[in-house]
There are 4 protein chains.
Amino acid sequence: MIHFDTDYMAGAHPEVMKRLVETNLEQTTGYGSDAYTQRAKEKIREACAQNEAAVYFLVGGTQTNATVIDGLLRHHEGVLATETAHINVHESGAIEATGHKVLTLPSHDGKIKAEEVDKYITDFYRDETYEHMVAPGMVYISHPTELGTLYTLDELEALSQVCRKAQIPLYMDGARLGYGLAAENTDVTLKDIARLCDVFYIGGTKVGALFGEAVVAPRAQQLPHFFPLVKQHGALLAKGRLLGIQFETLFTDGLYERIGAHAVRLALKLKKAFVEKGYKLPIDSPTNQQFVCLPNEEMDRLLSHATFELWGPRGETETMVRFVTSWATREEDVDAFIRLL
Amino acid sequence: MIHFDTDYMAGAHPEVMKRLVETNLEQTTGYGSDAYTQRAKEKIREACAQNEAAVYFLVGGTQTNATVIDGLLRHHEGVLATETAHINVHESGAIEATGHKVLTLPSHDGKIKAEEVDKYITDFYRDETYEHMVAPGMVYISHPTELGTLYTLDELEALSQVCRKAQIPLYMDGARLGYGLAAENTDVTLKDIARLCDVFYIGGTKVGALFGEAVVAPRAQQLPHFFPLVKQHGALLAKGRLLGIQFETLFTDGLYERIGAHAVRLALKLKKAFVEKGYKLPIDSPTNQQFVCLPNEEMDRLLSHATFELWGPRGETETMVRFVTSWATREEDVDAFIRLL
Amino acid sequence: MIHFDTDYMAGAHPEVMKRLVETNLEQTTGYGSDAYTQRAKEKIREACAQNEAAVYFLVGGTQTNATVIDGLLRHHEGVLATETAHINVHESGAIEATGHKVLTLPSHDGKIKAEEVDKYITDFYRDETYEHMVAPGMVYISHPTELGTLYTLDELEALSQVCRKAQIPLYMDGARLGYGLAAENTDVTLKDIARLCDVFYIGGTKVGALFGEAVVAPRAQQLPHFFPLVKQHGALLAKGRLLGIQFETLFTDGLYERIGAHAVRLALKLKKAFVEKGYKLPIDSPTNQQFVCLPNEEMDRLLSHATFELWGPRGETETMVRFVTSWATREEDVDAFIRLL
Amino acid sequence: MIHFDTDYMAGAHPEVMKRLVETNLEQTTGYGSDAYTQRAKEKIREACAQNEAAVYFLVGGTQTNATVIDGLLRHHEGVLATETAHINVHESGAIEATGHKVLTLPSHDGKIKAEEVDKYITDFYRDETYEHMVAPGMVYISHPTELGTLYTLDELEALSQVCRKAQIPLYMDGARLGYGLAAENTDVTLKDIARLCDVFYIGGTKVGALFGEAVVAPRAQQLPHFFPLVKQHGALLAKGRLLGIQFETLFTDGLYERIGAHAVRLALKLKKAFVEKGYKLPIDSPTNQQFVCLPNEEMDRLLSHATFELWGPRGETETMVRFVTSWATREEDVDAFIRLL
């Protein structure tokens, strides 16, 4: 059986695992006060070209989103996001559990538009009853989005400008950031993100780590008193060095880039095959998630050879499905699958 | 100047005020443990034909919604409501502040449809990832709605059935209930509401009281430990008897009905005049809120004689506005205003 | 039966009630945007000698404490208070419900000591694990305290100094402030409080109003975005003018002072009688709450003529009880009661 | 340098690490739906002699405490614990952040007394104002406690009885449970705990795992809808199998017991040495944490050879310090350290 369900089906990239084994019996102090963690932070600051950035390591994505958003918003504020945003759909109300509303805007292939954010904010303060409403207090985007799509540099610049004009932070969920940075025609670099976002996180769980996400705040004062907040959210790992070791490894010798490039290359190989076979692609994704509409008969036949997710309910005659590659996807499996098409 | 802005511009109905004055120097115990409050509860139980109902008195609407919804939902649950619902738009995130998401459905003239609720719940549990999503834990409706419209008895029966099938409570926000019950062609009575809803509140603030809302749970166990929850929400009035006295008065000699009938009659007089003058009515409201589209020039002229709210932003050539009557609206003012049209 | 249970057993002071009746049929805009509310704010600013103060009117004490404390604290902070503080004991966890811990210090006749606050803060930051602990983020005091006692000006100056040194706000719960300001030998004035506290509230519910508390922040920026927070807490009264009218009346022609003086004079008359009859006074209170230890037999006899609260459980042979006077207490009742001793 | 700071300074026990490496490239479904997790649950149910128990795996201790306590309490309830409890001191207010108060009782060497719990509950409901207070809704204990001490079976039976009489759950924080079960003279077994507690967790982070805690509810209905709550708390690990693999290994061939026995044996060797050298032991701990009072001069000398924590501030002439052993502590290091005494 070949697996294309998600990008968190295997453990850690072998180089990451090797370092965890090598350091396993060392004794270090806890909660990220160790030297591995300090070095990992340095490497991330360097990769972002942000020497003064605050960097924090948390364990998982929902936890990271809830803690960061809680840290950025004031009581009466909510977070602007697309309807399809992970925080709006698949986090079991974690954002609301911290007391904040998710304010939704339409999804454009998973993306939010700068001009719609701008209009929302303008209209909000024009409404005479605005003090009875939840104020737009920050913008949440993900890159790649839930649908594998990417912002262009122009789009990101525009969003950043709208946010800075409104004096609210722009936050990027980078759960799959490695696969976004490695996309072929993207003009967005990690340094651009660090320059244009107020806070973002570099995903580890889906990009080579056993677990772990690196929160980056280029201007550290954007996240004041963040350490106790991480603890309060139950997001502080006792053996913090496990996060430091993993991110140090990922940001050494270009491993994070290599992982991204591998997965994207195989995803595009799949995409090319789908197109050549005449399948409909409902989303034009340049990253490691590929969406395709399959006739139900064909889908059922393929499901006997491979695993992949139905994206929404099974249709009457055809169904939208998702194929995901990762650092762990083997080229021979992709090739074997393509032969089945 | 004639006022049609809202239904909470004056103090209390004179009969209510009279009772507050008569009892002012009496000394009673606090927090609703007095005899007035007990009698008010009895009268409400009787009006609802629910002898075993639990009745609680709170001060205002947002407070009541937040406390009741917090009391009804479990952690992982949200409340289904229309996009235009008061709890979704005009309560400054009070629901989210208690940790719960408002799950929105389309507004049909301010109303939610039973079949859409049913489909939402069915689709939810069909989604394989539903345990990562906020579960629909109750349904919120208001009667009249934000747009002055009313549910029919059939619609209410259908909503009740859907909720009972799904084993989730149906909650009615009755901030303007008196004006709904007094509508001409409504087939929904207070007893129907008490039979079909699991919890509802009878609005006082907008219907003759200085302030106050009466929460009714026909089956008391639906709101276990509600007293300390009311206290925790800061919604427990020290001089609880003020609420008891007001509701006892409102439910004596048909005052609540008389107040409703007066306001609705004057609202319909306005409506008839608008129609006769050829104005467009975007909403066909049978209650004390009337919506009309006015050419801007006409609107500006009328605003020099009367106050009323723009419903949304000023349009390019015409604007939707709202006229509200209450127990305090005088017929001579309505007549004078009609002459201005 | 003569009542000494609490100071919220009657309605409003007749002058307040008179104004509510006189203005009852006026139509004004809601939520405190009316002229009465503006005038009440002006009068309070004047009484406090703080021209720039922000003033907000809320309905009740627990609600006010929860909203203010939520507005003052950051996520990782708690509020320092005595073990016996109202917020720690009798608010059904309203503070914790907003996500914050009450950090307790010993009670010295209901008061907190500046040096103990100072030591707590110093020790906290000396603890190497302090980032895993709830930081002391503000100080809560009440004046009078739960036990009727008062801070001296020196004590208040010291507390203010400690707080300013630590850069955390000092907040005073003034539920019974009128009875504190009217105490015979107090050297603390309203202007002192406004000078030394960062936020405080002037109690109306227990001091002549039907309900209502006036929150004062001499430096308005201490409570940024407080209006939507009040709304979010369900603490915004629709007919806000009711609060404005009441506080305008209380702060006109010295009514607030007269109410305080009346209640305190009668309380001290009671106290003198208790002392003369040889009863033990466990607390030396100069305000409208008097505590006395009564032999159980004597207590039972008095309870057949008057109502008053047992302070804690009934003792084996004697019991501590509380007598409270208010603006509504009549001298002839006090005299009649004294004759019963 | 020899390390006795804490029991989470090294990675995972080599047998655990070996299994993580062996399974690293396997592809499994996420969120604990894999076969490893199912087998780990089975092994834990067996070890607890509770075939119907619900078992959940979370990542860390604070997270586990906050999620479980949030799941067990109703809005108006708090959790009873000793003043020194981890949830009261060292979790950055994580419990309060979920809206609940920690109600404190005196610490008896880190333990709570059944009779004091009983008295608290009895007194609470005798207080006429109890509906204005936070109700005792559950009891939290840890075993071993923060001070390394253990409950006897009699003490645990008594606590369980008091809780069942009051119909509130008894919850045990077992962060160091393995070291408690391995203590020499303890008469408490894992089966006893499963019989007497309503919910408890078996600590992995400090007892051989890289991270991970296993929550056990012998009667599954005690934690209804716990999966989405775990997700909402950000405590759901994407690669859930990592927890399954680790706990399966810990509960195979008695590894969990062997780890406990090893650490306790070395801790008692240290203890014996301290006693023989005439040092004062402020706490008589039978587990892997040993407390000793050292003259400052002696402490400073030892700190140049080994690391260990000062327990509270440095004293004037002597200081209380803590030595902790774990599965990772080597006997030769203990022997070398003893020679230094």
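Being under 21 Å from D:Y201 (Cβ atoms) and free of Cβ contacts under 8 Å to residues at least 12 places away in the same chain is the filter here; which residues of segment D:18-44 pass it?
Within segment D:18-44, D:E42 is the sole residue that qualifies.
With the requirement that a residue be more than 18 Å from C:Y179 (Cβ to Cβ) and buried (at least 20 other Cβ atoms within 10 Å of the Cβ), what does segment C:321-336 give you?
C:V321
Could you list all residues from segment B:259-300 that are of a type in the set (K, R) and free of Cβ contacts under 8 Å to residues at least 12 places away in the same chain?
Passing the criteria: B:R265, B:K272.
What about D:G234, is it small (G, A, S) and free of Cβ contacts under 8 Å to residues at least 40 places away in the same chain?
When the stated conditions are applied, D:G234 does not pass them.
Please go through segment D:145-182 and pick out each residue that is in a strand (DSSP E or B) and not small (G, A, S).
D:L170, D:Y171, D:M172, D:D173, listed by residue number.
Does segment D:20-42 hold any residues that are under 24 Å from the mean Cα position of the chain (by Cα) and surrounded by fewer than 19 Cβ atoms within 10 Å (Cβ to Cβ), and which are they?
Matches in segment D:20-42: D:Q38, D:R39, D:E42.
A:V162: touching a residue at least 12 places away in the same chain (Cβ under 8 Å) and within 14 Å of chain B (Cβ to nearest Cβ), yes or no?
When the stated conditions are applied, A:V162 does not pass them.
For residues in segment B:127-175 being among the polar types (S, T, N, Q) and surrounded by 19 or more Cβ atoms within 10 Å (Cβ to Cβ), which is farthest from B:Q289 (Cα to Cα)?
For segment B:127-175, the residue satisfying everything is B:S160.
Could you check, for segment D:64-82, whether at least one of its residues is in a helix (DSSP H, G or I) and away from chain A (no Cβ under 14 Å)?
Within segment D:64-82 (the criterion being in a helix (DSSP H, G or I) and away from chain A (no Cβ under 14 Å)), the answer is yes, since at least one residue qualifies.
Considering D:H100, D:H90, D:H108, D:H86, which residue is in contact with a Leu (Cβ under 6 Å, 6 or more places away or on another chain), on the phi < 0 side of the Ramachandran plot and of a type outside the set (G, A, S)?
Sole residue among the options that is in contact with a Leu (Cβ under 6 Å, 6 or more places away or on another chain), on the phi < 0 side of the Ramachandran plot and of a type outside the set (G, A, S): D:H100.
When you check C:G99 against the structure, is it assigned by TED's automatic domain parsing to the domain that holds C:D173 and outside any strand (DSSP E or B), yes or no?
Answer is yes for this residue.
So which residues in segment A:213-243 are among the basic types (K, R) and in a loop (DSSP other than H, G, I, E, B), if there are any at all?
A:R219, A:K239
In segment B:99-124, what residues are hydroxyl-bearing (S, T, Y) and away from chain A (no Cβ under 14 Å)?
Hit for segment B:99-124 is B:S107, nothing else.
Restricting to segment D:1-17, name every residue that is in contact (Cβ under 8 Å) with a residue 12 or more places away in the chain and out of contact with any Asp or Glu (no Cβ under 9 Å at 6 or more places or on another chain).
Hits for segment D:1-17 are D:M1, D:D7, D:Y8, D:A12, D:H13, D:V16, D:M17.
When segment C:178-194 is examined, which residues are found to be of a type outside the set (F, W, Y) and in contact (Cβ under 8 Å) with a residue 60 or more places away in the chain?
Within segment C:178-194, C:G178, C:G180, C:L181, C:A182, C:A183, C:E184, C:N185, C:T186, C:L190, C:K191, C:I193, C:A194 meet the criteria.
I'd like the full set of residues that are among the hydrophobic types (A, V, I, L, M, F, W, C) and not in a helix (DSSP H, G or I), limited to segment B:244-283.
Answer for segment B:244-283, where residues must be among the hydrophobic types (A, V, I, L, M, F, W, C) and not in a helix (DSSP H, G or I): B:F251, B:L281, B:I283.
Just the residues that are assigned to a loop (DSSP other than H, G, I, E, B) and either of a type in the set (D, E) or more than 13 Å from every other protein chain (Cβ to nearest Cβ) (or both), please, taken from segment D:125-137.
D:D127, D:E128
Find the residue count for segment C:183-209, including only residues that are outside any loop (DSSP other than H, G, I, E, B) and in contact with a helix residue (DSSP H, G or I) (Cβ under 7 Å, 6 or more places away or on another chain).
The qualifying residues number 10.
(1) closer than 30 Å to A:L73 by Cβ; (2) hydrophobic (A, V, I, L, M, F, W, C); (3) away from chain B (no Cβ under 14 Å); (4) buried (at least 24 other Cβ atoms within 10 Å of the Cβ): which one isn't true of C:A54, the others all being true?
The one condition C:A54 does not meet is (4).
Just to check your reading of the model, which residue among A:H132, A:H143 is touching a His at 6+ places or on another chain (Cβ under 6 Å) and without any contact (Cβ under 8 Å) to a residue 60 or more places away in the chain?
Residue meeting the stated conditions: A:H132.
Which condition breaks for B:S92 when tested against (1) facing another protein chain (nearest Cβ under 8 Å); (2) of a type in the set (S, T, N, Q); (3) outside any loop (DSSP other than H, G, I, E, B)?
(3)
Return a yes/no flag: does segment A:167-186 have any residue that is away from chain D (no Cβ under 14 Å), of a type outside the set (F, W, Y) and closer than 28 Å to C:Y31 by Cβ.
yes
Just give me the residues in segment B:100-109 being of a type outside the set (S, T, N, Q) and surrounded by fewer than 24 Cβ atoms within 10 Å (Cβ to Cβ), in sequence order.
Residues satisfying the conditions are B:L103, B:L105, B:P106, B:H108, B:D109.
Which of the residues belonging to segment C:4-49 are more than 23 Å from C:A175 (Cβ to Cβ), touching a helix residue (DSSP H, G or I) at 6+ places or on another chain (Cβ under 7 Å) and more than 11 Å from chain B (Cβ to nearest Cβ)?
C:R39
The values are calculated or read from the model by the stated rules, or taken from the named source; none is laboratory data. A quick note: this is a predicted structure, and the numbers were derived from the prediction, not measured. For neighbour counting, all protein chains shown are included, and Cβ atoms are generated from backbone atoms with ideal geometry for every residue, glycine included.
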